[in-house]
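A.B. asks: Here it is, the structure, as structure tokens.
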Amino acid sequence: WSHLAAIVGIVESVLKDRGTFKPWTPPSVQAPMRITYKGMRRRLSPGRSMSLKPEIEGGQPNNFTVAPSLPAMLVLSSQTGMIKGTLAGGICHAEATYLVTGSNDAGVAKTELVFSVGEKVGPPMTPSYHQP
């Protein structure tokens with residue numbers, strides 16, 4: 001190993017003399033490019049448990065935020081971007097757009113989640129007709 005260290009020292013010295021020596025630095029942090037939550041539905045049922053992990057393209061964010069706040073009992077992890085919780089039973093929320101932002105030292109990526117919380121509305125089970 002000492003022979004190798006001597007060779008590296010010689011190469012470093014030559015490069016410094018030529019003005020082209022650049023010391024090794026760890027790879028720089030990449031900016032996150034895109035965040036997606038696969039499996040996110042447009043309508044969520046009250047009482048439903050959920051656990052959604054973000055899929056990240058580009059660099060890994062180290063901070064996540066959401067605006068406005070998610071419905072009660074759902075939590076966004078500020079470190080991982082995971083959304084977890086059990087939606088409160090019997091409580092409905094109108095459709096809203098939630099902006100999730102993931103960032104690191106190199107940049108920011110954002111995604112919109114659009115969903116409502118409510119019972120499935122369908123046709124009446126037994127049709128009734130009014131006759132004059």
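The values are calculated or read from the model by the stated rules, or taken from the named source; none is laboratory data. Since the model is a prediction, treat every value here as computed from it, not as a measurement. Note that we place each Cβ from the backbone using ideal geometry, even for glycine, and neighbour counts take in every protein chain shown. Protein only, heavy atoms only, side chains kept; ligands, DNA and RNA dropped before computing areas. Shrake-Rupley method; radii C 1.70, N 1.55, O 1.52, S 1.80 Å.
A.B. asks: Summarise the accessible area of the chain (1.4 Å probe, protein heavy atoms) by the percent that is carbon and sulfur.
C.D. replies: So the carbon and sulfur contribution to the accessible surface is 57 percent.
A.B. asks: Another one. Extending each Cα 7 Å along its Cβ direction at ALA5 and ILE91, get the distance between those two points in nm, one decimal.
C.D. replies: Those two pseudo-labels are separated by 6.4 nm.
A.B. asks: Related question: Probe of 1.4 angstrom, ligands and nucleic acids ignored: what's the accessible area per residue over the range 1-78, in square angstrom?
C.D. replies: Details: 5870 Å² over 78 residues.
Value for the range 1-78: 75 Å² per residue.
A.B. asks: Also: If you plug each phi of the range 17-23 into the Karplus form 6.51 cos²θ - 1.76 cosθ + 1.60 with θ = phi - 60°, what whole-Hz ³J(HN,Hα) values come out, in order, with x for Gly and Pro?
C.D. replies: Each residue's phi maps through the Karplus curve to give 4, 7, x, 10, 6, 10, x Hz.
A.B. asks: Same structure again: Report relative contact order for the chain in percent, whole number only (criteria: Cα-Cα under 8 Å, sequence separation at least 6).
C.D. replies: Reported relative contact order: 26 percent.
A.B. asks: Can I ask one more? Straight-line reach from LYS110: which lysines have Cα under 21 Å away, leaving out those fewer than 8 places along the same chain?
C.D. replies: LYS38, LYS53, LYS84
A.B. asks: I've got another one for you. Using amide H atoms built 1.01 Å from N in the peptide plane, name the residues 5+ places from GLY58, or on other chains, whose amide H lies under 5 Å from its own.
C.D. replies: Sorted by chain and number, the residues that satisfy this are MET33.
A.B. asks: Ordering ARG48, ARG34 by accessible area with a probe of 1.4 Å, largest first, what comes out? The partial results should precede the final answer.
C.D. replies: Details: ARG48 70, ARG34 125 Å².
Order by accessible area, largest first: ARG34, ARG48.
A.B. asks: Same structure again: Give the long-range amide H neighbours of ASN63: residues separated by 5 or more places, or on another chain, with amide H under 5 Å away, using H modelled in the peptide plane at 1.01 Å from N.
C.D. replies: Long-range HN contacts for ASN63: SER103.
A.B. asks: Let me ask you something else. Only one of the listed values, [x] 19.6, 68; [y] 26.6, 105; [z] 16.8, 67, was derived from the coordinates as Rg and Dmax of the Cα atoms in Å; which label is it?
C.D. replies: [y]
A.B. asks: GLY89: net charge of surrounding residues, Cβ under 14 Å, Lys/Arg +1, Asp/Glu -1, itself excluded?
C.D. replies: 0
A.B. asks: Then there is this: To the nearest 20 debye, what charge dipole does the chain have about its Cα centre, counting +1 at the Cβ of each Lys and Arg and -1 at the Cβ of each Asp and Glu?
C.D. replies: That gives a dipole near 260 debye.
A.B. asks: In the chain, with Lys and Arg counted as +1 and Asp and Glu as -1 at Cβ, which of these residues, THR80, VAL108, LEU44, has the Cα nearest the positive end of the dipole, that is, farthest along it?
C.D. replies: LEU44
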